[in-house]
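*Asks:* The structure follows.
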Amino acid sequence: MTSVDKALVGQYGVYHVASLLCWKGYNAVPTSRNTKAVDLIVHNPRNDKSVGIQVKTLRQQRKRDPSKDGYAIINVIPEKMNEVKDKFSNPFVFVYIPTGEKPNPRCFIVPKEDVFKLCKEQWERYVRESKHRESTNEIAKRRQVLGIRVKELESYENKWDQLGLE
């Protein structure tokens, strides 16, 4: 597997999603790199609906069990998690690139509310299933990276209607 800069992997994901959406008849325009929480602006010319999309791209990390690969979504103090709920202002498209010469990326389209819910569930599972030397309350006071595993996204694969453009 060739090593590719993370920024290029992210850019690949944005343009891959844009091309798929254009093929479906939408206008999809990437934003500039410093636009917060919006990577693509998509417009449906048939009904004049538009939406901003956050794209997260991940290249396969684990050869044996790629379903355990995961996306880092937000760095937050878990006990203040409900305060960041509003930071999820747009739907997400998660692009997963399997290894191989000609990768066949998978796209998972997740509404913003579900992204927050999945992150919260991941945190709760971490607390429940991991062995900690400290109390859960102490761990909840420290900043944690919350994420979503690929296997948790499978029900969202190719669900383009989740963008709300129709």
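*Asks:* Quick one: order ARG143, ARG125, ARG64, ARG149 by neighbouring beta-carbon count within 10 Å, fewest to most.
*Replies:* By the 10 Å Cβ count, ascending, the order reads ARG64, ARG143, ARG125, ARG149.
*Asks:* Could you order the peptides 107-118, 80-91 from most to least packed, using the average number of other C-beta atoms within 10 Å per residue?
*Replies:* By packing density, highest mean first, the sequence is 107-118, 80-91.
*Asks:* Given LYS56/LYS159; LYS68/LYS102; LYS56/LYS102; LYS24/LYS151; LYS120/LYS151; LYS63/LYS117, which pairs have Cα atoms separated by over 18 Å?
*Replies:* Check vs 18 Å cut-off fails for LYS68/LYS102; LYS56/LYS102; LYS24/LYS151; LYS63/LYS117.
*Asks:* When LYS141, LYS56 are ordered from fewest to most other Cβ atoms inside 10 Å of their Cβ, what list results?
*Replies:* LYS141, LYS56
*Asks:* Just want the ordering: TRP160, TRP123, TRP23, from fewest to most Cβ atoms lying within 10 Å of their own Cβ.
*Replies:* Ascending Cβ contact count within 10 Å gives the list TRP23, TRP160, TRP123.
*Asks:* Magnitude of the Cβ-charge dipole of the chain, K/R +1 and D/E -1, about the Cα centre, nearest 20 debye?
*Replies:* Dipole magnitude for the chain comes out near 460 debye.
*Asks:* Hey, if you put +1 on the Cβ of every Lys and Arg and -1 on every Asp and Glu Cβ in the chain, which of VAL29, LEU165, TYR126 ends up farthest toward the positive end of that dipole?
*Replies:* Highest projection toward the positive end goes to TYR126.
*Asks:* Then there's this: Residue by residue, what Karplus-based ³J(HN,Hα) values in Hz, rounded to whole numbers, does segment 15-26 have, using 6.51, -1.76 and 1.60 with θ = phi - 60° and x for Gly and Pro?
*Replies:* 6, 5, 4, 4, 5, 5, 5, 4, 4, 7, x, 9
*Asks:* On a 0 to 90 degree scale, rounded to 10, what angle separates helix 112-129 from the longest Cα axis of the chain?
*Replies:* 30
*Asks:* For Kirkwood radius over Cα pairs in Å, the choices are (1) 18.8; (2) 22.4; (3) 17.0; which was calculated from the structure?
*Replies:* Entry (3).
*Asks:* Using alpha-carbon pairs under 8 Å, 6+ residues apart, how would you state the relative contact order of segment 1-109 in percent?
*Replies:* 23
*Asks:* Would you mind checking segment 43-84 for residues with the amide N under 12 Å from a putative spin-label position 7 Å along Cα→C-beta of THR35?
*Replies:* What the label zone holds, given the 12 Å backbone N cut-off, is 43, 51-55.
Values quoted throughout were computed directly from the atomic coordinates according to the rules given, and no laboratory measurement underlies them. In this text, all values refer to a predicted model and were calculated from it rather than measured experimentally. No Cβ is skipped: glycine too gets one built from the backbone with ideal geometry, and neighbour counts run over all protein chains shown.
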